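Worksheet for the structure shown next.
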């Protein structure tokens, strides 16, 4: 009876978590948990479409304490190709009404971090130990971020299953000498080629060979096209460029520099991994949003009256786990800032940076690269200028080995 009660608690909490973002279409229940089948709320799609939207599956488990363990069927996590199912998530609940907590684990995370039982009644299933609820990186501390994670996974599953780039098989044509209009089979001398059917057949064979090359090229592009990791796409595109040459791609006409994209995605992935593994990702993003709101709120009523020599400094203080962030923002004059090697320059820079406190300065009217029709739009579009330096310092203070 206790298991049934816990299962009901897990169901209710999960449904409350999902209901605002997804349609909950069905569920199957056993004594160990429930599976919720969910769909993104897209009014322009429905189940009767020729290509229906993909569904997500959220399996619900309740953990009484760290001594409670669960097992997940392998086929929930891996498809026939042993690849993780993007649309599957495990949701764990624990605690009573005063200390309730929830954890969200994706199929790729289960594949990478949990073991498959090799013996016993649960052989072949993934083993989810009770101490999983002690791991901060799986805990849901921000509902929006976790719902975004589920929604993006369903989007990617939808894309990967339905989207096909070009055709799989190009048509074949007859290349026999007989496949030619009748007049050209007659032995009329033309002064150039003795045997038109033979040469025409050779031309078609060359075209067929080219067509097979195009098919091989197209199939490789199709495989790359279905990938959703920028790093994987860039890596395989560079291999294809090496094999076929840049002219095969009209490479010079591309709107994106793949070297820049590769560098950016490598840095992004590294930062994501470090923050997520430490359990600091949610708090880091929270500071970033609050910092943006603080600066925008400070500048909006002042920016119109600022001269080029007027700006602001903002000091961000926070705990080592990136909680309890506070800001102190004030107007400054250009003469207030002593430019040194520790600052970026006359426009903006870092005055002070230690673990737990970062001070940044900026003179907004000195910058000429804004985008927007008025100052409010301009400063709202200048996120990287006045947010990135502080957030980079917070990251590097947290992970000093990453500082270049």
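Each value in this text was obtained by applying a stated rule to the coordinates, not by laboratory testing. Model, not experiment: these values are computed from the prediction. Glycine gets a Cβ as well: all are built from the backbone with ideal geometry, and neighbour counts include every protein chain shown.
Look at the Cα gyration tensor of the stretch 176-244: its axes a ≥ b ≥ c give a/c of at least 1.5 with a/b over b/c, and that counts as prolate. Shape of the stretch 93-159 from its Cα gyration tensor (a ≥ b ≥ c, root eigenvalues): rounded if a/c is under 1.5, otherwise prolate when a/b > b/c, or oblate? Oblate. Counting neighbouring beta carbons within 10 Å and listing from fewest to most, the residues 375, 23 come out as 23, 375. From the largest down, the stretch 281-402 spans 38, 30, 23 angstrom on the principal axes of its Cα atoms. Here the peptides 354-365, 177-188, 258-269 are ranked by packing, the mean other Cβ count within 10 Å, and the order with the highest first is 354-365, 258-269, 177-188. Ranking of 273, 132 by neighbouring Cβ atoms within 10 Å, starting from the fewest: 273, 132. Residues 22, 399, arranged from fewest to most other Cβ atoms within 10 angstrom of their Cβ, appear as 399, 22. Here the label points at residue 188 and residue 145, each 7 Å from Cα along the C-beta direction, are separated by 7.9 nm in the simple model.
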